[in-house]
Amino acid sequence: MQRRARALLAALSVGVIAGCARSDAPPPYVPGLGEIMSAQQMRHAKLWLAGAAGNWELVRYEIDELEEGFDDAVTFHPTHRNTDLPLAELIPQMTHAPIAALRRADEARDPAAFEQAFDALTGACNGCHRATSFGFNVVTRPHGNPFVNQDFAPPPAEG
Ligand code: HEC
């Protein structure tokens, strides 16, 4: 009885090991463009709220995140069914200038320049949506703050 149990266990573990070594593992997770864009929408809103609160460190962080999100869009979705222009060209073409302007405004801690650059970025979001037959998806300045668990103001200086 005991020997049969041990044999069964051995057979099972061989099966498990063989199963692990099989190469039909699921493909790596690729975020959809809509998912990446939903994250971009959140960062776009947080960027505005951080700028409005004068939290320039958070502004810089959100600019970095937005840029990474656009890089992901290019990496995972270099083309799109709705446009002949590859997203790998369209995205840098549309977003490089407003992102650079945002960085300059952030470094200068200049609220007026920030607002202007933010609106230019929003224009780029919408320009790209129109270019991909997605013009019905309209991005705006945030009208309120949906993030109830985050303080956008800079924390008081320590020490
Ligand atoms: C390639 C140019 C391009 C740029 C630049 C771009 N988008 Fe998009 N966006 C798209 C496309 C294409 C879709 C539709 C995705 C799909 O096919 O699922 C989309 C979808 C969206 C959606 C809908 C997502 C959903 O599922 O609800 C939102 C929100 C969005 N974008 C926000 C933004 C914001 C905010 C920016 C700027 C910070 C931006 N997008 C910049 C091309 C772009």
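The values are calculated or read from the model by the stated rules, or taken from the named source; none is laboratory data. Being a predicted model, the structure only gives us computed values, none of them experimental. No Cβ is skipped: glycine too gets one built from the backbone with ideal geometry, and neighbour counts run over all protein chains shown. Ligands, DNA and RNA are excluded from the accessible area calculation, which covers all protein heavy atoms including side chains. Shrake-Rupley method; radii C 1.70, N 1.55, O 1.52, S 1.80 Å.
Observations, loosely collected:
- Check on Glu115, of a type in the set (Asp, Glu) and within 12 Å of the ligand (Cβ to nearest atom): no
- You will find that of Arg43, Arg104, the residue that is within 16 Å of the ligand (Cβ to nearest atom) and on the phi < 0 side of the Ramachandran plot is Arg43 and no other.
- Restricting attention to region 108-151, the residues being surrounded by 14 or more Cβ atoms within 10 Å (Cβ to Cβ), in a helix (DSSP H, G or I) and in contact (Cβ under 8 Å) with a residue 24 or more places away in the chain number 10.
- Taking region 139-153 as the range and being within 10 Å of the ligand (Cβ to nearest atom) and either at pLDDT below 95 or in contact with a helix residue (DSSP H, G or I) (Cβ under 6 Å, 6 or more places away or on another chain) (or both) as the test, only Val139 passes.
- Filtered residue count, region 51-107, keeping only those that are open to solvent by 30 Å² or more (accessible area, probe 1.4 Å), assigned to a helix (DSSP H, G or I) and closer than 17 Å to Arg141 by Cα: 1
- Pairs with Cβ under 7 Å, 6+ apart, first in region 28-53 and under 15 Å from Leu121 (Cα atoms), second at pLDDT 95 or above and among the polar types (S, T, N, Q): Leu49/Asn145
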